[in-house]
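Here is the structure we will look at.
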Amino acid sequence: MGTAVPNRFRRPYGPGWALVGDSGYLKDFVTAQGIQDAFRDAELCAHALDLTFTGHRAFDDAMREYQETRDTKVMPMYESTAELATLDPPTPEMAWLLEAVSHSVPAMDGFARVAAGVTSPAEFFSPEYLGQVLVPATAD
Ligand SMILES: Cc1cc2nc3c(=O)[nH]c(=O)nc-3n(C[C@H](O)[C@H](O)[C@H](O)COP(=O)(O)OP(=O)(O)OC[C@H]3O[C@@H](n4cnc5c(N)ncnc54)[C@H](O)[C@@H]3O)c2cc1C
């Protein structure tokens, strides 16, 4: 749904070529993460190539690590974006949670960090994290 962007991961390297940004990994832009994703990929890719050209790592090993690091970092936001891009209303559980977040300043700050791509949705929506930031609000 959303804007009908194809959501996909590509293997971002091969003999003589490498991909960064949207060419390697694309998702709906409803969560506005693509620019920082592209910068992060460029940094990870440049680091992997530096290790290769300075003789510290084999090309395939360094680039596989680049791909694995990218995929691990972006997967929670990828899944969250795919869910948001359906434009379905939130589930009752999510609606309750967002209502609870709106009554806690630390939780609102945390949610803003998720939207900004600083905190992973996996970390924010974990029971451990929400337990910490929501308890003060419900105790008022
Ligand atoms: C409508 C819209 C709104 C968005 N809003 C946001 C937002 O608010 N925040 C955010 O973070 N992201 C947003 N995004 C996503 C973001 O724009 C992209 O994720 C980001 O620009 C990807 O950067 P990139 O360098 O990988 O690719 P691009 O920015 O697409 O750059 C690729 C470049 O390569 C050029 N090119 C292609 N083929 C060739 C070729 N054969 N030879 C030479 N050049 C070529 C293209 O012309 C282009 O200039 C939005 C995207 C869209 C479409």
message = Taking the Cα centre as origin and putting +1 on Lys and Arg beta-carbons and -1 on Asp and Glu beta-carbons, what dipole magnitude results for the chain, to the nearest 20 debye?
response = 440
task = Can you list which of the trypsin sites (Lys or Arg not before Pro) found in segment 1-64 are DSSP loop residues with at most 13 other C-beta atoms within 10 Å?
result = R10
Kirkwood Rh and Cα Rg combined as Rg over Rh, evaluated for segment 8-84 = 1.01
message = Could you work out how much longer the chain between V5 and A116 gets when fully extended? Use 0.36 nm per residue separation minus the Cα distance between them, nm to one decimal.
response = 37.9 nm
remark   = Carbon plus sulfur, as percent of the 1.4 Å-probe accessible area of the chain, comes to 63
remark   = On the formula 1/(1 + (r/R0)^6), with r taken between the Cβ atoms of L98 and F29 and R0 of 25 Å, the FRET efficiency rounded to 0.05 is 0.70
Charge sum, other residues only, whose C-beta stays under 12 Å from A85's C-beta, Lys/Arg counted +1 and Asp/Glu -1 = -3
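The values are calculated or read from the model by the stated rules, or taken from the named source; none is laboratory data. Here the structure is a predicted model, which means the values were calculated and not measured. No Cβ is skipped: glycine too gets one built from the backbone with ideal geometry, and neighbour counts run over all protein chains shown. Accessible surface areas use protein heavy atoms only, side chains included; no ligands, DNA or RNA. Shrake-Rupley method; radii C 1.70, N 1.55, O 1.52, S 1.80 Å.
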